[in-house]
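The next block holds one structure in the form of structure tokens; read it before the comments.
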Amino acid sequence: QVQLVESGGGLVQAGGSLRLSCAAPERTFSSYFMGWFRQAPGKKREFVSTINWSGSNRYYADSVKGRFTTSRDNAKNTVYLQMNSLKPEDTAVYYCAAARAVVGGTPYGIDYWGKGILVTVSS
């Protein structure tokens, strides 16, 4: 069972920053698009960002564009989500995902999920 492991979540004040990390097994990382999703309390899981293997293509949800940046370090098999100018509405459990394809920038046919990590933004 392939496991993606998120880290870096926590509590931050509005306007602050956090960086999430997602560590993946090597055999997963080199073949997959890596994405971030989030699920706020009482809401459906929603797309946040995607990055391809080389990092040359990145996609973002409109709600985070200009504030969040995704990147990856292939030598460390790790993908990151830098979150700046955080807002209370960014509060959610954030999930890392690995997929072999994207549709409209969103990971499609996700093969692996992380367990999620909580990000809480206080006002």
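The values are calculated or read from the model by the stated rules, or taken from the named source; none is laboratory data. Since we're looking at a predicted model, the values are computed, not measured. Cβ atoms come from the backbone with ideal geometry, glycine included; neighbour counts cover every protein chain shown.
A few comments on the model shown:
- Restricting attention to region 24-43, the residues being modelled with pLDDT of 95 or more, small (Gly, Ala, Ser) and within 16 Å of ALA98 (Cβ to Cβ) number 1.
- Any hit, region 2-11, residues being modelled with pLDDT under 95 and in contact with a Ser or Thr (Cβ under 8 Å, 6 or more places away or on another chain): yes
- Among the residues of region 9-27, those identified as more than 12 Å from VAL79 (Cα to Cα) and either in contact with a strand residue (DSSP E or B) (Cβ under 9 Å, 6 or more places away or on another chain) or of a type in the set (Gly, Ala, Ser) (or both) are GLY9, GLY10, LEU11, VAL12, GLN13, ALA14, GLY15, GLY16, SER17, LEU18.
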